[in-house]
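The values are calculated or read from the model by the stated rules, or taken from the named source; none is laboratory data. Keep in mind that this is a model prediction, so the values were computed, not measured. Virtual Cβ from ideal backbone geometry, glycine too; neighbours counted across all protein chains shown. With ligands, DNA and RNA removed, areas are computed over all heavy atoms of the protein, side chains included. Shrake-Rupley method; radii C 1.70, N 1.55, O 1.52, S 1.80 Å.
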Amino acid sequence: AGQIDAGGLRSMMTGGINTTAPLGIMGGAFDPVHSGHLRCALEIQEAAGLGEVRLIPSANPPHRPPHFAPPALRVRMLEAAIAEYPAVLVDQRELQRAGTSWTVDTLGALRAEYPERSHVLLLGMDAFLGLPDWRDWEQLPELAHIVVARRPGSELTPQAPLAGLLNERLTNDPADLHSAPAGRVLVHDVTQLEISSSAIRGFLAAGQPIDFLVPRVVRDIITETNCYASTLPKERSTHAQ
């Protein structure tokens, strides 16, 4: 079993983490974590040669509604989902930090802790295209490289100012993520699983199974805790309790 250190990181007692390779960072609500999240993290970790990937659950995201499951339960589901993958970690710093969960603050804190290490922010296509709406988004490439997970065959044709960012910083070589601590943008095709946390909550509300959309251990936690009962119709929620 792992331990939680002062920074809220599950520390692995055995191997699996290469602390000289780039540090991957993947934020999200993880409400709940699903197979799409996990597959994307693992594929990019392998393709980019990341030493580890930290999954950072958000506390108070600025651009989305409040979470459904409480923080401790989202962490529990994440921990269960990645138990067999020692180079994928849960970092709770946003849950332990007061105020809005700004990505720029999280990257700045990680950069202060690991100033010599290359950092890589993992983003989905939609999140990348929405970057201009993020707080101090222009600072993000100064703090970390960005890997954009793209559906095979889809086109990335952003408008300004993201077009300028790509013109200045785009690379096709994952080795560039190792040679500098930050600053490059890599677009990588990943297996696109059409899964979303909101769809999973919708299946639960409709009384439909969520097998194979989430790891079995996550499904079991959801069933055990009934943590998404608030998403169900009132009569179904009452019966379930």
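Taking first residues from the range 90-105 that are among the charged types (D, E, K, R) and partners that are open to solvent by 30 Å² or more (accessible area, probe 1.4 Å) and not in a loop (DSSP other than H, G, I, E, B), the Cβ contacts under 8 Å between residues at least 6 apart in sequence or on separate chains come to ARG93/ALA109; GLU94/GLY27; ARG97/ASP105.
Mind checking which helices (runs of 4 or more DSSP H) fall wholly inside the range 34-120 and carry at least 3 residues that are within 26 Å of ASN226 (Cα to Cα)? Spell out the reasoning first.
On the way: elements: 35-48, 71-81, 93-96, 103-113.
Once the helices (runs of 4 or more DSSP H) in the range 34-120 are filtered for at least 3 residues that are within 26 Å of ASN226 (Cα to Cα), what remains is 35-48, 71-81, 93-96.
Each residue in the range 179-225 was checked for being part of a loop (DSSP other than H, G, I, E, B) and over 15 Å from ARG74 (Cβ atoms), and 19 of them qualify.
Checking each residue in the range 135-156 for being at pLDDT 95 or above and among the hydrophobic types (A, V, I, L, M, F, W, C) picks out TRP137, LEU140, LEU143, ALA144, ILE146, VAL147, VAL148, ALA149. Against the conditions (1) modelled with pLDDT of 95 or more; (2) farther than 23 Å from HIS178 by Cα, VAL90 satisfies every one except (2). Filtering the range 69-91 to residues that are open to solvent by 30 Å² or more (accessible area, probe 1.4 Å) and within 16 Å of GLY24 (Cα to Cα) leaves TYR85, PRO86. For the range 169-178, the criterion of a residue being part of a helix (DSSP H, G or I), more than 25 Å from ARG64 (Cβ to Cβ), open to solvent by less than 60 Å² (accessible area, probe 1.4 Å) and aliphatic (A, V, I, L, M) is satisfied by at least one position. Here ASP126 does not fit the description of being under 14 Å from the mean Cα position of the chain (by Cα) and more than 22 Å from ARG169 (Cβ to Cβ). Scanning the range 108-167 for residues that are closer than 21 Å to ASP189 by Cβ and either among the polar types (S, T, N, Q) or free of Cβ contacts under 8 Å to residues at least 40 places away in the same chain (or both) yields a total of 18. Could we say that THR238 is at pLDDT below 95, out of contact with any strand residue (DSSP E or B) (no Cβ under 6 Å at 6 or more places or on another chain), open to solvent by less than 50 Å² (accessible area, probe 1.4 Å) and among the β-branched types (Val, Ile, Thr) here? Answer is no for this residue.
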